[in-house]
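The values are calculated or read from the model by the stated rules, or taken from the named source; none is laboratory data. Everything quoted here is computed from the prediction, not taken from an experiment. Using ideal geometry, Cβ is built from the backbone for each residue, glycine included, and neighbour counts are taken over all protein chains shown.
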Amino acid sequence: MDITRITANNYEAFEDVLPDDYFPGDDRLAFGAVTGNKEAISSIIIDPYDDSFVYIDWMYTDPNFREQGAASELLDMVSIFLREMSVGRMLISFDDEYEDLELFLEDRGFAIYECSDVYRVPVTEIIYGSRMDELLEKKPGSNGVFTIEEGEMLQKFLSFASGKNLGRDFLSAISREYSLVMLDEDREPVGCMIIRETEDEDLEMVYLLNTSGRSRTLDLIVGFYEMITANNLDDRDLFFSDPEGIWTGIVENLIGDDIEKYRVEGLLEGISIL
């Protein structure tokens, strides 16, 4: 069995063991295992989050070749690669129904925790409620909030992120067309809302910050509304965790319902210290 990095040169050989949304040139890093006959049997994709840790976005082995060490060898190679890059942790999230995966990860040294602070709210309930209507009447425009796809706004976001210890590698783990930066009257960045698209094409809010007062938080919310409607994303769900309770309170106010109804149950997280 051989382990190799998946690139544009060998991508076609691994298509059967890769997710449909992965393609050469993706910001994520992919590795694969092949038999002596050069048959692709397993793959793993890691998603850089920042300089200190990465997510395992995908891990798959052909059912005909499971329990033969392919996934273990892939994880070993990825761990070595990440240590050389001075990355400290690998994370993976999965449903608790995958008991075999949980046992496999524990055998590989992962600490497994129950995720108790993750919420999943339908986007429609956030943007089409009466409270959002009231907010839009007060603030008909997002007032200095822009997506960070490219050009000036991307550079302003990078400037803002560098002062918040997010790092440039943070960009590879987010969806730029859905993420927002907020500027003040001098066109200097004072806040952001960072969103990534999940494998299931839902949305995850991974970072929210406003450094210039409550009224500007409302601008970010209107910017979120405009981004969702412009991209026809109102059929998605929004995942988020919020240890400080800031976004939780905002969403609860917007949906007019108890946020605890939307807490995700049965989600586990595995953490490996490299």
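I'd like the full set of residues that are small (Gly, Ala, Ser), in contact (Cβ under 8 Å) with a residue 40 or more places away in the chain and surrounded by 16 or more Cβ atoms within 10 Å (Cβ to Cβ), limited to the stretch 109-164. Don't jump to the end; show me each part of the working.
Step one: list which residues in the stretch 109-164 are small (Gly, Ala, Ser), which gives 109, 111, 116, 129-130, 141-142, 144, 151, 159, 161-163.
Right, trim to in contact (Cβ under 8 Å) with a residue 40 or more places away in the chain and you get 109, 111, 116, 129-130, 141-142, 144.
The answer is GLY129, SER142, GLY144.
Quick grid of which residues meet (1) assigned to a strand (DSSP E or B); (2) of a type outside the set (Ser, Thr, Tyr); (3) surrounded by fewer than 20 Cβ atoms within 10 Å (Cβ to Cβ):
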{"position": "ASP16", "(1), (2), (3)": "no, yes, yes"}
{"position": "TYR22", "(1), (2), (3)": "no, no, yes"}
{"position": "ASN37", "(1), (2), (3)": "no, yes, yes"}
{"position": "ASN64", "(1), (2), (3)": "no, yes, yes"}
{"position": "LEU75", "(1), (2), (3)": "no, yes, no"}
{"position": "ILE80", "(1), (2), (3)": "no, yes, yes"}
{"position": "SER86", "(1), (2), (3)": "no, no, yes"}
{"position": "MET90", "(1), (2), (3)": "yes, yes, no"}
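Which condition number in (1) modelled with pLDDT under 85; (2) in contact with an Asp or Glu (Cβ under 7 Å, 6 or more places away or on another chain); (3) closer than 21 Å to ASP27 by Cα is the one that SER162 fails?
(2)
Which of the residues that make up the stretch 165-184 are of a type in the set (Gly, Ala, Ser), at pLDDT 75 or above and surrounded by fewer than 21 Cβ atoms within 10 Å (Cβ to Cβ)? Working first, answer last.
Residues of the stretch 165-184 of a type in the set (Gly, Ala, Ser): 167, 172-173, 175, 179.
Going one step further and asking which of them are at pLDDT 75 or above, we end up with 175, 179.
Result: SER175, single match.
Say we look at the stretch 216-241 and pick out the residues that are among the aliphatic types (A, V, I, L, M) and in contact with a Lys or Arg (Cβ under 7 Å, 6 or more places away or on another chain); which of these is surrounded by the fewest Cβ atoms within 10 Å (Cβ to Cβ)? Working first, answer last.
Of the residues in the stretch 216-241, the ones among the aliphatic types (A, V, I, L, M) are 218, 220-222, 227-228, 230, 233, 238.
Add one more test, that the residue is in contact with a Lys or Arg (Cβ under 7 Å, 6 or more places away or on another chain), and what stays is 218, 222.
Numbers: LEU218: 17, VAL222: 19.
In this case the residue turns out to be LEU218.
For the stretch 242-255, enumerate the residues that are in a helix (DSSP H, G or I) and either surrounded by fewer than 17 Cβ atoms within 10 Å (Cβ to Cβ) or in contact (Cβ under 8 Å) with a residue 40 or more places away in the chain (or both). Even if it seems obvious, please write down each step before you answer.
Of the stretch 242-255, the ones in a helix (DSSP H, G or I) are 246-255.
Residues satisfying the conditions are ILE246, TRP247, THR248, GLY249, VAL251, ASN253, LEU254, ILE255.
Given the criteria over 18 Å from the mean Cα position of the chain (by Cα) and within 21 Å of MET193 (Cβ to Cβ), does SER142 qualify? Talk me through it step by step, then tell me what you get.
Details: over 18 Å from the mean Cα position of the chain (by Cα): yes; within 21 Å of MET193 (Cβ to Cβ): yes.
Answer is yes for this residue.
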